[in-house]
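The block underneath contains the structure these notes are about, expressed in structure tokens.
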Ligand SMILES: [Zn+2]
């Protein structure tokens, strides 16, 4: 367990930011830097069948040490970090015995991590926190998951008295751009089920996520001298504005919670001749999700009627709610729940307001709930993680391996 922190600190200093505009896998060359290191490390701790394919998907096996017939289970995390915030020159800071007060992340820039704003901090008084220096994200999402899985596997290698079936682990690129599962070879992985270690705070256990789609609206305009534009000019910016005005103004990320869905406009660019809107649609409920897509269609048609065919809509499905794939194999959630309780972690079961590798994998035939990795405030400079939560995640992984061998007949 003592290697957990140094492992994590090493991984986060390697920049592995993914890039949604890249067509390659991994989406960025630099993801190989960490991937190659992880392969070496898996060999070093005594894992078997360590492999990395041409897309940088890493897999490895911890062989069974029992004569009992136990299903093969897996643990998965991703090594890329979000394109939302820079991961260049991450300088993690270790705050020991946190005093419960403001943490100065960066004196020069006066960037403070404060429990007045981030109230979750209160519960970590006395613990060891790992934070950023205020200029980058941390990358606990999901390098914490990787450090935890490797540390748990090392622990099981060193403690053969803990009986378990065959354990498979996998580390993937490009999860943050929604492609972590795209080239995941479920057959080669060969597990009956798996867990992604990619949740947030300690106790999180998730098997419901959003249905997700992205949409791009392209608007063509006609530029004419403004002095002579009457009945001639078509201003693409104006139409884009009208489109946005027809979306429900309260159904946005900043006004919704729990199972409430939303539209999230995240990019707009425009000139008179051409405007483009990019947005995402999220909803746990399949029916509501389809209705949201239909609304975009309706708005598009309405504006087409008004202005002619200057406007096009393209919707792309991204991932689906894994709930329906998990319910028929619900014992896999119960094992995780019991594992948490037996190491003193209270399970927090809640729907994910996002997606994980696990949602796609579940639809590819590998049921895959999500378990906490321990971090907070992902994808930004206020990201932090308590070491104690990471240690509990390691214990949970070990316990799941143990319980699966005990309980499954
Ligand atoms: Zn993640």
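Observations on the structure shown:
- Checking each residue of region 245-261 against the condition of being in contact with a helix residue (DSSP H, G or I) (Cβ under 9 Å, 6 or more places away or on another chain), surrounded by fewer than 11 Cβ atoms within 10 Å (Cβ to Cβ), over 14 Å from residue 292 (Cβ atoms) and at pLDDT 95 or above gives at least one match.
- Taking region 23-77 as the range and being closer than 26 Å to residue 87 by Cβ, in contact (Cβ under 8 Å) with a residue 12 or more places away in the chain and in a loop (DSSP other than H, G, I, E, B) as the test, the residues that pass are 25, 26, 27, 28, 30, 45, 53, 55, 56, 57.
- Condition met for residue 53 (touching a helix residue (DSSP H, G or I) at 6+ places or on another chain (Cβ under 9 Å) and more than 16 Å from the ligand (Cβ to nearest atom)): yes
- Unmet requirement for residue 330, which otherwise passes all of (1) out of contact with any helix residue (DSSP H, G or I) (no Cβ under 9 Å at 6 or more places or on another chain); (2) in contact (Cβ under 8 Å) with a residue 60 or more places away in the chain: (2)
- Test: residue in region 102-124 that is under 21 Å from the mean Cα position of the chain (by Cα), more than 19 Å from residue 388 (Cα to Cα) and in contact (Cβ under 8 Å) with a residue 24 or more places away in the chain: no
- Residue 309 falls short on exactly one of the conditions (1) away from the ligand (no atom under 16 Å from the Cβ); (2) assigned by TED's automatic domain parsing to the domain that holds residue 93; (3) in a loop (DSSP other than H, G, I, E, B), and that condition is (2).
- Filtered residue count, region 362-380, keeping only those that are surrounded by 21 or more Cβ atoms within 10 Å (Cβ to Cβ) and either at pLDDT 95 or above or outside the structural domain of residue 110 (by TED's automatic domain parsing) (or both): 13
- Meets criteria (surrounded by 15 or more Cβ atoms within 10 Å (Cβ to Cβ) and out of contact with any helix residue (DSSP H, G or I) (no Cβ under 7 Å at 6 or more places or on another chain)) for residue 62: no
- Meets criteria (surrounded by 24 or more Cβ atoms within 10 Å (Cβ to Cβ) and either over 26 Å from residue 83 (Cα atoms) or in the same structural domain as residue 117 (by TED's automatic domain parsing) (or both)) for residue 348: no
- When residue 317 is tested against the conditions (1) within 23 Å of the chain's Cα centre (by Cα); (2) assigned to a helix (DSSP H, G or I), the lone failure is (2).
- Matching residues in region 173-196 - criterion: being more than 9 Å from the ligand (Cβ to nearest atom) and not in a loop (DSSP other than H, G, I, E, B): 177, 186, 187, 188, 189, 193, 194, 195
- Of all residues in region 197-213 being under 26 Å from residue 264 (Cβ atoms) and away from the ligand (no atom under 15 Å from the Cβ), the one that is surrounded by the fewest Cβ atoms within 10 Å (Cβ to Cβ): 208
- Enumeration of residues in region 382-409 that are assigned to a loop (DSSP other than H, G, I, E, B) and more than 18 Å from residue 131 (Cα to Cα): 408, 409
The values are calculated or read from the model by the stated rules, or taken from the named source; none is laboratory data. None of these values were measured; they are calculated from a predicted model. Don't worry about glycine lacking a Cβ; one is built from the backbone with ideal geometry, like all the others, and counts go over all protein chains shown.
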